[in-house]
Amino acid sequence: MIRCQQLRFAYAGDAFELRIEAFDVAAGEAVALVGPSGCGKTTLMNLISALLVPASGSVVVGGVEVSRFPLAARQQFRLGTIGLVPQNFELLDYLTIRENILLPFRLGAGAGVDGRSRARCEELADKAGIATHLERYPEQLSQGERQRAALCRGLVTAAPLILADEPTGNLDPENQDRIVSLLLEEARGIGATVVMITHDPVLLPRFDRVVDVLALRKGGRG
Amino acid sequence: MNLGGVLFLGRRYLGRNRVKTSLLVAAFTLVWLLPAGIALVVGKVESQLRARAEGTPLLLGQAGSPLELVFNGLYFTKPAIATLPYGETEAIVESGLGMVIPLYARYTAANHRIVGTTLDYFDFRHLTIREGRGLIDLGECVVGSEVAATNGIAPGDAVISTPETLFDLAGVYPLKMRVVGVLAASGTPDDGAIFVDLKTAWIIEGLGHGHEEAEKLGDGAKLVNPSGFGDDAVRLNASVVQYNEVTEENADDFHFHGEIADNPVSAAIVIPGDAKSQALLKGRYAKAGGLQLVSPEAEMDELFATVFSVQDLVLRLLGAIGFATLAIGALVFLLSNRLRREEFRHLRLLGADPGTLRALIAFEAGFVLVTSLVLAGLGLLVLQGIAPMLVRQLLG
């Protein structure tokens with residue numbers, strides 16, 4: 001599903017440089033990215049999602065080299081291929097939970113929100129335990145409920161690749177378990193590939209593979 | 001760019017932040033509406049005042065404020081201006097220099113000015129009777145279209161003049177006047193006036209009155225030994241009831257004491273026979289200390305020279321305030337977008353292209369601008385509709 005080769009990236013005016021010789025993720029695989037803060041986990045994830053463009057090397061997702069995409073194609077790629085679950089929920093405060101979950105359908109050039117997407121939204125919300133909160137606004141929900149809503153939004157398009165950037169970082173153990181269970185179950189259900197950044201060693205056994213980004217940078221293969 | 005998504009997000013953002021949006025819209029609406037509204041109202045006032053002034057060659061009145069004379073003679077306001085004797089108007093007619101239409105606009109009935117004048121006034125102003133007939137007898141009145149509409153008055157009804165001093169027993173008693181006609185609307189102050197014969201106006205003033213003949217009254221109604229009067233003089237005391245309405249039966253009992261020429265008029269429209277007559281009249285009254293003969297058009301020129309200089313200043317101030325308001329609005333918008341930077345970043349992460357985000361910002365700003373412009377336009381339409389009423393209120 002993902003193949004990164006001879007990857008090199010540096011932020012302008014910053015000493016940090018990410019160099020990765022090779023990093024592959026098979027289709028349907030669930031991979032946990034670990035490593036100390038600042039080691040480049042989020043940078044690697046942004047390169048995979050084509051939000052950043054590498055200085056050299058290539059990122060191939062689903063057989064397509066996304067690192068060579070023009071801007072418009074990158075947006076379409078993200079909308080069509082990636083389900084994103086951010087660390088800080090990133091829910092829009094002026095939309096209800098239902099509207100937030102269905103947001104990816106509003107941004108795409110496709111048919112928009114239809115009966116099928118609504119049904120999918122309600123199904124996910126039911127599984128996440130927030131079905132009764134769909135008409136509420138983010139500020140009316142707890143941290144755990146907001147993160148579950150953000151997870152539902154990442155899953156609603158049934159994208160083949162789900163990128164989750166520390167989605168359990170701000171949660172209590174019970175909510176962490178709930179989020180990861182839902183993420184992995186849904187991904188398996190649709191055969192999606194999962195790449196999730198986490199610092200929590202308790203969650204690692206639930207993934208097919210754990211990749212240390214620091215080790216990758218030192219020439220290891222992932 | 002996804003237009004549907006832009007409209008959805010923009011609409012939801014504005015709806016959720018409706019207080020901020022409403023304040024911005026209200027502030028911007030005022031920025032557009034205030035200067036345009038002032039210009040519109042001033043323009044309406046000017047066109048109404050000028051049209052009336054241009055149709056009135058000269059106005060004769062007691063010396064004093066020429067502007068107050070113009071307002072009384074043309075718009076029936078300023079009722080307290082000094083009066084001139086009716087005889088002065090007759091003097092002009094007798095001199096053959098022009099035609100004169102006396103006006104006595106002092107009293108009111110149902111909050112409308114009662115204007116005592118002659119039948120020449122209706123021809124001069126091209127006023128036509130829409131319903132009923134014109135003035136014929138003492139105690140009759142013809143009402144303007146607006147008076148009829150606001151008070152539901154038609155020929156056959158009556159209006160009663162408003163007493164000036166309620167607690168003055170010796171004061172002017174209200175006169176009940178029969179409505180014999182309603183004027184067709186003219187879009188001028190005539191629509192809001194009640195026209196009576198000059199003599200009827202003097203009766204309201206108390207200069208003429210009606211009561212039973214003294215010979216028919218008993219001695220109890222007569223003053224005993226009235227000092228200062230001749231032997232043949234008959235004086236009646238307060239027990240004699242005066243008529244408060246002129247009817248067919250009592251019309252002959254109405255009479256005036258003193259000389260008619262001494263009775264007051266508040267203004268007189270003077271229509272000179274020709275340019276020479278006009279010059280002669282102007283020369284005559286330029287020398288006459290107690291009276292003034294003014295050109296309403298010239299007075300309006302002078303008035304609007306002042307009005308426009310004030311308007312210019314006000315518009316400049318409003319322009320500065322408007323610029324400041326727009327700048328603050330833009331600042332609010334920029335700061336708001338800065339606060340939403342994370343939101344925009346995340347929308348990009350989800351797949352929104354930069355064009356969609358630019359369109360979203362443009363939609364929100366455009367909504368505030370367009371809504372405020374539409375509201376200002378509606379406000380101007382409302383102002384346009386109520387402008388005649390505003391003009392009347394401004395004229396007092």
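What's the Cα-based Rg to Rh of chain B, Rh via Kirkwood?
Answer for chain B: 1.21.
For the protein assembly as shown, with only Lys/Arg (+1) and Asp/Glu (-1) charged at the beta-carbon, what is the dipole magnitude about the Cα centre, in debye rounded to 20?
4880
Bin width 10 Å, origin at 0, all Cα-Cα pairs of the protein assembly as shown: what percent of pairs per bin?
For the protein assembly as shown, the pair-distance distribution reads 3, 12, 16, 13, 9, 7, 7, 8, 9, 8, 6, 3, 1, 0, 0.
Loop-only chymotrypsin sites (Phe, Trp or Tyr not before Pro) in region B:81-181, please: DSSP not H, G, I, E or B, and at most 13 other Cβ atoms within 10 Å.
Within region B:81-181, the qualifying chymotrypsin sites (Phe, Trp or Tyr not before Pro) (loop, at most 13 other Cβ atoms within 10 Å) are B:Phe167.
Using each residue's phi in region A:50-62, evaluate 6.51 cos²θ - 1.76 cosθ + 1.60 at θ = phi - 60° and report the 3J(HN,Hα) Karplus result to the nearest Hz, with x for Gly and Pro.
These are the phi-based 3J(HN,Hα) values: 6, 6, 10, 10, x, 5, 8, x, 9, 10, 10, 10, x Hz.
For region A:2-217, with only Lys/Arg (+1) and Asp/Glu (-1) charged at the beta-carbon, what is the dipole magnitude about the Cα centre, in debye rounded to 20?
600
List the relative contact order of region A:117-185 as a percent without decimals, with contacts defined as Cα pairs under 8 Å and 6+ residues apart.
Computed value for region A:117-185: 36 percent relative contact order.
Listing B:Val370, B:Val42, B:Val294, A:Val59 from the residue with the fewest other Cβ atoms within 10 Å to the one with the most, what is the order?
Result, fewest neighbours first: B:Val370, B:Val42, B:Val294, A:Val59.
All other residues with a Cβ under 9 Å from the Cβ of B:Ser145 taken together, and with Lys, Arg as +1 and Asp, Glu as -1, what is their net charge?
It works out to a net charge of -2.
Compute for region A:1-92: radius of gyration divided by Kirkwood radius, i.e. Rg/Rh, restricted to C-alpha atoms, rounded to two decimals.
0.94
Net charge near A:Asn175, counting Lys/Arg +1 and Asp/Glu -1 over other residues with Cβ under 11 Å of its Cβ?
Combined, the nearby Lys, Arg, Asp and Glu give -1.
Give, in nm to one decimal, the length gained when the segment between B:Glu54 and B:Glu248 is fully stretched (0.36 nm per residue of separation minus the Cα-Cα distance).
65.8 nm
Relative contact order (percent) for chain B, with alpha-carbon contacts under 8 angstrom and 6 or more residues of separation?
Once divided by the residue count of chain B, the mean separation gives 30 percent.
Quick one: Cα centre-to-centre distance for region A:149-222 and region B:94-168, in angstrom?
One Cα centre to the other: 92 Å.
Using a 10 angstrom Cβ neighbour count of at most 15 plus a DSSP loop assignment to flag exposed trypsin sites (Lys or Arg not before Pro), which longest range of chain B is free of such sites?
Result for the longest clean stretch: B:236-396.
Would you work out the relative contact order for region A:2-217, in percent, from Cα pairs under 8 angstrom that are 6 or more residues apart?
About 30 percent, as a whole number.
So what are the radius of gyration and Dmax for the Cα set of region B:76-138, in Å?
Answer for region B:76-138, Rg first and Dmax second: 13.7, 39 Å.
From the residues A:Cys39, A:Gln76, A:Val210, which one has its Cα farthest along the dipole of region A:2-217 in the positive direction, the dipole being from +1 and -1 charges on Cβ of Lys/Arg and Asp/Glu about the Cα centre?
So the residue we want is A:Gln76.
For region A:2-217, state the semi-axes of the equivalent ellipsoid (square roots of 5 times the eigenvalues of the alpha-carbon gyration tensor), sorted largest first and rounded to whole angstrom.
The equivalent ellipsoid of region A:2-217 has semi-axes of 28, 20, 16 Å.
Quick check for me: using +1 on Lys/Arg Cβ and -1 on Asp/Glu Cβ, what's the dipole size of chain B about its Cα centre, in debye to the nearest 20?
In debye, rounded to 20, chain B gives about 3820.
Return P(r) of region A:45-86 (all Cα-Cα pairs; 10 Å bins starting at 0; whole %; ordered from short to long distances).
31, 61, 9
Using DSSP, restrict attention to beta bridges with both residues in the protein assembly as shown and report what percent are antiparallel, rounded to the nearest 5.
Roughly 65 percent of the DSSP beta bridges within the protein assembly as shown come out antiparallel.
So how do B:Tyr285, A:Tyr137 line up by other beta-carbon neighbours within 10 Å, fewest first?
Placing the least packed residue first, the sequence is A:Tyr137, B:Tyr285.
Can you flag which of A:Lys41/A:Lys218; B:Lys44/B:Lys276; B:Lys78/B:Lys199; B:Lys78/B:Lys276 are past 24 Å Cα-Cα?
Listed pairs above 24 Å: B:Lys44/B:Lys276; B:Lys78/B:Lys276.
Tell me whether region B:326-396 comes out rounded, prolate or oblate; compute the Cα gyration tensor, take square roots of the eigenvalues as a ≥ b ≥ c, and use a/c under 1.5 as the rounded threshold.
Prolate, because a/c is 1.5 or more and a/b exceeds b/c.
Among A:Ala131, A:Ser49, B:Thr162, flag the residue with its Cα farthest along the positive direction of the charge dipole of the protein assembly as shown, charges on Cβ as +1 for Lys/Arg and -1 for Asp/Glu.
A:Ser49
Could you point to the residue in B:Leu97, B:Gly206, B:Leu318 farthest towards the positive end of the protein assembly as shown's charge dipole, with +1 and -1 charges on the Cβ of Lys/Arg and Asp/Glu respectively?
Of the candidates, B:Leu318 comes out farthest on the positive side.
Just so you know, all these numbers are worked out from the coordinates, no wet-lab data involved. This structure is a prediction, so every number in the text was calculated from the model and none was measured. Please note: Cβ atoms are built from the backbone with ideal geometry, for glycine as well, and neighbour counts cover all protein chains shown.
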